[in-house]
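Reviewing the structure listed below.
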Amino acid sequence: MQTPIYLDYAATTPTDPRVVEKMVECLRLDGNWGNPASRSHVFGWRAEEAIEEARRNVADLIAADPREIVWTSGATESDNLAIKGVAHFYQRKGKHIITSKIEHKAVLDTCRQLEREGFEVTYLTPNAHGEITPAAVAEAMRDDTILVSLMHANNEIGVVTDLAAIGAMTREKGVLFHVDAAQTAGKIEIDVNAMNIDLLSISGHKLYGPKGIGVLYVRRKPRVRIEAQMHGGGHERGMRSGTLATHQIVGLGEAARIAKEEMALDQAHSAALRQRLLDAVSDIEEIHVNGDSPKHLPGLLNVSFNYVEGESLIMSLKDLALSSGSACTSASLEPSYVLRALGLSDELAHSSLRMSVGRFSTEEEIDFAAQQIHTAVEKLRELSPLWDMYKDGIDLSTIQWSAH
Amino acid sequence: MAYSEKVLDHYENPRNVGKLDDKSNDVGTGMVGAPACGDVMRLQIQVNGDGIIEDAKFKTYGCGSAIASSSLLTEWVKGKTLDEAAAIKNTEIAEELALPPVKIHCSVLAEDAIKAAVADIKTKRGQEGA
């Protein structure tokens, strides 16, 4: 076993060796390096063939038609293209958009930009379990609503949204439905038809593919129109210009093929390890699972250890690669906006750890991680005046703190 | 984030962790910060009849730099008079630990903690404002 142990699959996944092999074929001098847009020679034809095979594999993963797949540089670009593209094309129909407070910044900041352009955005609050409910969406719907944009699963807490129920509603009202599936594509089942999804963002590097490649699914029937954000050679049916990166696309295609084929296996593996980890740490006093919905990603666990500060916890866990919802790790000094939206107290939001496992995680790694967490929490509680006070039966909310 | 060796040393081996009897007339307690801000420091000093700090203990909820700042402070105040201790500046702590700009507030908190502890014992001994 090598340390540090990687427990941050929600941030990025290692590229599957089978994917790497396929990609390298497109980079070699004697390989498939032609421009897929070249129509006049075999170099172009071969590259185009590889692109179309990848397109079919990605389409199959989400039960779409290959002609509905648009290659982008990643989920951030896909989110931008979907939301700005729809807003700009349909603005004469209405200028109201519904999203949630726990979306990825790629969605939130795009919505903020649209607000500056005169659009109105409703940001839904999740319930205490971290769920954005269909009822909340229904309540926010207006006559001038043109788009609902929600994530399939949240990247910090892993809670899964009931897309089918929301999709049925948006379709009935003639409102477009965009889903950010960066955390779920290849991890849990997605059927764009059964779920009535109109646009869907996928990221290559979250499903064991390469970074720098993503997909926007754009429905053909009933037809969804978007205004291009990137203009040029008219690639991807005019929706996203730019020479296609054959090696990246082939990599994502292979990653999608493997993910579909091995989904049941991957799911069982991740779910078992997550449970093993949870079981091994749940005897720690004052542990809280954040986003305790029964519908969650198989491999993601977000927990808070009360009276222990997140950054020092991460510092103690130097043999584990994981992330904290707490302040200082991300240059901003604020606790996670996702955990705050759940209604968590500042203390708990400051003490959170996000651990995510995946295809290459092992039981041995999980056992080691659990033991490290036990030691670290114990050590930091020894040092914590808040723990002392808790043990003395003092209610911390009654103390007049000197905020600084 | 990279920590200086001194921060790491204090974090790995914190000095003078513990609690003194805050009811005692020889003990001054300073508790500063707030859980909402991600750090709370409790610094306690034991002072003899001549006004010399004989012992110091701390507990800190916060990042590595906050723990190191309070640990260092307990080392520094021992043997000092109350006025000498209260004159310790956050910049000295920040410099000793090579804190980056984003962590300067940890040293400020430590300075606030010792000032609060000194004020507490002075109040207890009826030397308020002395």
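The number of residues in the range B:12-38 being of a type outside the set (S, T, N, Q), in contact (Cβ under 8 Å) with a residue 60 or more places away in the chain, within 11 Å of another protein chain (Cβ to nearest Cβ) and within 16 Å of B:Ile53 (Cα to Cα) comes to 1.
Looking only at the range B:52-78, filter to residues that are of a type in the set (A, V, I, L, M, F, W, C) and farther than 14 Å from B:Val118 by Cβ; which one of those is farthest from the other protein chains (Cβ to nearest Cβ)? Don't jump to the end; show me each part of the working.
Going residue by residue through the range B:52-78, those that are of a type in the set (A, V, I, L, M, F, W, C) are B:52-53, B:56, B:58, B:63, B:66-68, B:72-73, B:76-77.
Subset that is farther than 14 Å from B:Val118 by Cβ: B:58, B:63, B:66-68, B:72.
On the way: B:Phe58: 8, B:Cys63: 4, B:Ala66: 8, B:Ile67: 6, B:Ala68: 10, B:Leu72: 14 Å.
So the residue we want is B:Leu72.
Within the range B:1-26, no residue satisfies the criterion of being within 20 Å of A:Ser402 (Cβ to Cβ) and among the hydrophobic types (A, V, I, L, M, F, W, C). Checked against (1) assigned to a loop (DSSP other than H, G, I, E, B); (2) surrounded by fewer than 16 Cβ atoms within 10 Å (Cβ to Cβ), A:Ile157 passes all but condition (2). State yes or no: is B:Lys115 within 14 Å of chain A (Cβ to nearest Cβ), within 23 Å of A:Val308 (Cβ to Cβ) and charged (D, E, K, R)? It is false that B:Lys115 is within 14 Å of chain A (Cβ to nearest Cβ), within 23 Å of A:Val308 (Cβ to Cβ) and charged (D, E, K, R).
For the range B:80-130, the tally of residues that are of a type in the set (Lys, Arg) and within 12 Å of the chain's Cα centre (by Cα) stands at 2.
Select from the range B:1-10 the residues that are over 11 Å from B:Ser70 (Cβ atoms) and within 18 Å of the chain's Cα centre (by Cα) and write down the one among them that is surrounded by the most Cβ atoms within 10 Å (Cβ to Cβ). Within the range B:1-10, the match that is surrounded by the most Cβ atoms within 10 Å (Cβ to Cβ) is B:Val7.
Within the range A:356-369, identify whether any single residue is at pLDDT below 95 and more than 14 Å from chain B (Cβ to nearest Cβ), and answer yes or no. Before you say what the answer is, go through the steps one by one.
Initially, the range A:356-369 is screened for residues at pLDDT below 95, giving none.
No, the range A:356-369 contains no residue that is at pLDDT below 95 and more than 14 Å from chain B (Cβ to nearest Cβ).
Can you confirm whether the range B:43-50 contains a residue that is within 24 Å of B:Pro101 (Cβ to Cβ) and either within 14 Å of chain A (Cβ to nearest Cβ) or in contact with a Ser or Thr (Cβ under 8 Å, 6 or more places away or on another chain) (or both)?
First, pick out the residues of the range B:43-50 that are within 24 Å of B:Pro101 (Cβ to Cβ): B:43.
Going one step further and asking which of them are either within 14 Å of chain A (Cβ to nearest Cβ) or in contact with a Ser or Thr (Cβ under 8 Å, 6 or more places away or on another chain) (or both), we end up with B:43.
Yes, the range B:43-50 has at least one match.
Where helices (runs of 4 or more DSSP H) fall entirely within the range B:22-130, those with at least 3 residues that are crowded, with 19+ Cβ neighbours inside 10 Å are at B:64-77, B:90-97, B:104-124.
Filtered by the rule that a residue be surrounded by fewer than 23 Cβ atoms within 10 Å (Cβ to Cβ) and either closer than 12 Å to A:Glu378 by Cα or away from every other protein chain (no Cβ under 14 Å) (or both), the range A:304-316 gives A:Asn306, A:Ser316. Of all residues in the range A:370-404, those satisfying the criterion of being over 29 Å from A:Gln275 (Cβ atoms), more than 8 Å from chain B (Cβ to nearest Cβ) and part of a helix (DSSP H, G or I) are A:Met389, A:Lys391, A:Ser397, A:Thr398.
Each residue in the range B:1-20 was checked for being assigned to a loop (DSSP other than H, G, I, E, B) and within 17 Å of B:Thr60 (Cα to Cα), and 7 pass. The condition (being of a type in the set (Val, Ile, Thr) and either more than 21 Å from A:His205 (Cα to Cα) or not in a helix (DSSP H, G or I) (or both)) is satisfied by just one residue among A:Ile284, A:Ile258: A:Ile284. Scanning the range A:182-225 for residues that are under 20 Å from A:Leu265 (Cβ atoms) and either over 20 Å from the mean Cα position of the chain (by Cα) or part of a loop (DSSP other than H, G, I, E, B) (or both) returns A:Gln183, A:Thr184, A:Ala185, A:Gly186, A:Lys187, A:Ile188, A:Glu189, A:Ile190, A:Asp191, A:Leu207, A:Tyr208, A:Gly209.
If only residues of the range A:140-149 that are surrounded by fewer than 24 Cβ atoms within 10 Å (Cβ to Cβ) and not hydroxyl-bearing (Ser, Thr, Tyr) are counted, the one that is nearest to A:Asp292 (Cα to Cα) is A:Ala140. In the range A:331-347, the count of residues that are in contact with a Phe, Trp or Tyr (Cβ under 9 Å, 6 or more places away or on another chain), of a type outside the set (Lys, Arg) and modelled with pLDDT under 85 is one or more.
The values are calculated or read from the model by the stated rules, or taken from the named source; none is laboratory data. This is a predicted model, so every value here is computed, not measured. Glycine gets a Cβ as well: all are built from the backbone with ideal geometry, and neighbour counts include every protein chain shown.
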